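Just so it is clear, none of the values below were taken in a lab; they were calculated from the coordinates. Since we're looking at a predicted model, the values are computed, not measured. Here the Cβ is made from the backbone with ideal geometry for all residues, glycine too, and neighbour counts use every protein chain on show.
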Ligand SMILES: C[S@@+](CC[C@H](N)C(=O)[O-])C[C@H]1O[C@@H](n2cnc3c(N)ncnc32)[C@H](O)[C@@H]1O
């Protein structure tokens, strides 16, 4: 999601904010911590945090405008169980302690269709290796996508990774308490697109 940077965004992010974290030392890892990578504008993160106050939600996103919008959403909701990192996913193992995260969400990651860009995909084996470092042994990764090629390739990437796919659904629909729709999921469902789902766990 490449967004034109809005004027207010730079100053807003510069100011700092209680939801914007630069390091993970302020997070209580005795609590269950769930991480969304590429959280966009934070719809999923904020709604999940409202529904599940016992869980601490971390959102990571590299685009300035998305981060600023997500922070504003968290402020409006007044939730206390959210931290937002304005960072790139390649730095996750430098930010988070080893085996500190109970669940990672990868909803509607950018599909990067051209082969030369596949290494940027958030399920590429180099990223899965990083996730394995910060995820607890009993933790899981939830991946959802509308994109056939990203879904099929992800099943191949998993074979080269410390993970195995424990649940694969080509046309997924399940209603659970913590199965909040992201903005992209809502958009694709309205268009009648099947949503692909993969849950992976460490081998
Ligand atoms: C297609 S959007 C999906 C947003 C949201 N998860 C949803 O489902 O509505 C993908 C998001 O991932 C972010 N992203 C892509 N690669 C990233 C990376 N390496 N590190 C952090 N964020 C990344 C993009 O900036 C974009 O906001």
(request) Please work out the Cα convex hull volume for region 102-163 and give it in Å³ per residue. (result) 72
(message) Report the gain in length on full extension from residue 54 to residue 7: 0.36 nm times residue separation, minus Cα-Cα distance, nm rounded to one decimal.
(response) 13.3 nm
(message) If a paramagnetic tag sat 7 Å from the Cα of residue 174 along the Cα-Cβ line, which residues of region 102-130 would have the backbone N under 19 Å from that point?
(response) 102-109
(message) For the chain, take the longest principal axis of its alpha carbons; what is the angle in degrees between that and the long axis of helix 148-159, to the nearest 10 within 0 to 90?
(response) 80
(message) Once you order the gyration tensor axes a ≥ b ≥ c over the Cα atoms, which shape class does the chain get: rounded for a/c under 1.5, otherwise prolate or oblate by comparing a/b with b/c?
(response) rounded
(message) Helix 125-134 against the longest principal axis of the chain: what's the angle in degrees, Cα atoms only, rounded to the nearest 10?
(response) 60
(message) Take residue 115 and residue 155, extend 7 Å from each Cα along the Cα→Cβ direction, and tell me the distance between the two endpoints in nm.
(response) 2.1
(request) Please express the shape of region 110-203 as an equivalent ellipsoid: the semi-axes are the square roots of 5 times the eigenvalues of the C-alpha gyration tensor, given largest first in whole angstrom. (result) 22, 18, 11
(message) For 39, 181, 200, which order do you get if you count the other beta carbons within 10 Å of each Cβ and list the fewest first?
(response) 181, 39, 200
(request) Can you put 69, 189 in order of Cβ neighbours within 10 angstrom, beginning with the fewest? (result) 189, 69
(request) Using only Cα atoms, find the angle between the long axis of helix 64-77 and the longest principal axis of the chain, and express it within 0 to 90 degrees, rounded to the nearest 10. (result) 70
(request) Can you bin region 25-89 into rounded, prolate or oblate? Criterion: square roots of the alpha carbon gyration tensor eigenvalues sorted a ≥ b ≥ c, rounded for a/c under 1.5, prolate for a/b above b/c, oblate for the rest. (result) oblate
(request) Could you calculate the contour length gain from residue 62 to residue 75, that is, 0.36 nm times the residue separation minus the distance between their Cα atoms, to one decimal place in nm? (result) 2.7 nm
(request) Could you work out how far apart the two model spin labels at residue 17 and residue 137 are, taking each label as a point 7 Å from the Cα in the direction of the beta carbon, and quote it in nm? (result) 3.9
(request) Specify the residue with the greatest mean-square fluctuation among 190, 22, 63, computed from a Gaussian network of the chain linking alpha-carbon atoms under 10 Å apart. (result) 190
